[in-house]
Amino acid sequence: MLLARPFVFIRHGETQLNREHRIGGRSDVPLTALGEAQARQAAVWLDRPWSRVVTSTLQRAWRTAELAVPGQEAMRLNGLDERDWGRLDQLPLMQQPPYEATPPGGESWANFQARVLTALNGVLASAEMPLVVAHSGVFRVIRAQLAGTPNGPRLLNATPVLIMPGLLGWQVARYTG
């Protein structure tokens, strides 16, 4: 279960795999020029001191953090890495199975959720309003906690969202600073 603490989440900027609509699990691919521009644009919304900035260990996430919150130290957490899609990594997205299915040679949904939630809850327990820079799959774990399902539209690249608990449940809204 996700701790009821507010945070801002941003998916990394565009990569070549995103552009080609391919599964980008553990492949450590860089941002495209557009991805770097997206991250710099996000800096307009994210220009504030953060209690903590955390990213996955994959370069597309930490590079987004470097460009989106320049001058703020980011802690890299492997618990926030994208799901290991095994032999499906880099194949077309249309070949991706349902999230709850275990991909051949890859990480089960249950293990992925447990890993991500352990990392997120550790951050949420120790920081008042952290910024989390990670991946579409990590956001699907968050969505599953808030809405009961990982299914839904893919989060846009480098577009921050505020995730906040409330009396009527969780609220997710675009973050504009």
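The values are calculated or read from the model by the stated rules, or taken from the named source; none is laboratory data. Predicted, not measured: the structure shown is a model, and the values here were computed from it. Every residue, glycine among them, receives a Cβ derived from its backbone with ideal geometry; neighbour counts consider all protein chains shown. All accessible areas refer to the heavy atoms of the entire protein, side chains included, with ligands and DNA or RNA removed. Shrake-Rupley method; radii C 1.70, N 1.55, O 1.52, S 1.80 Å.
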> Using a Gaussian network for the chain with springs between C-alpha atoms less than 10 Å apart, which of these wobbles most: 158, 65, 74?
Replying inline: 74
> Out of the DSSP beta bridges found with both residues in the chain, what percent are antiparallel (nearest 5)?
Replying inline: 45 percent
> Given the options 110, 119, 61, which has the most mean-square fluctuation in a GNM of the chain, springs set between C-alpha atoms less than 10 angstrom apart?
Replying inline: 110
>> Can you give me the % of accessible surface on region 103-177 that is carbon or sulfur? Probe 1.4 Å, all protein chains present, nothing else counted.
In response: 58 percent
> Which values of log₁₀ I(q)/I(0), to two decimal places, follow from the Debye formula for the chain at q = 0.11 Å⁻¹ with a uniform point scatterer at every Cα?
Replying inline: -0.41
> Where in region 1-77 are there GluC sites (Glu not before Pro) that are in a DSSP coil and have at most 10 other Cβ atoms within 10 angstrom of their Cβ?
Replying inline: 73
> Where nothing but the Cβ of Lys and Arg (+1) and of Asp and Glu (-1) is charged, how large is the charge dipole of the chain around its Cα centre, in debye to the nearest 20?
Replying inline: 220 debye
> How much area per residue is accessible in the chain when the probe is 1.4 Å and only protein heavy atoms are counted (Å²)?
Replying inline: 47 Å²
> Given a cut-off of under 8 Å on Cα pairs at least six residues apart, what relative contact order in percent is computed for the chain?
Replying inline: 35 percent
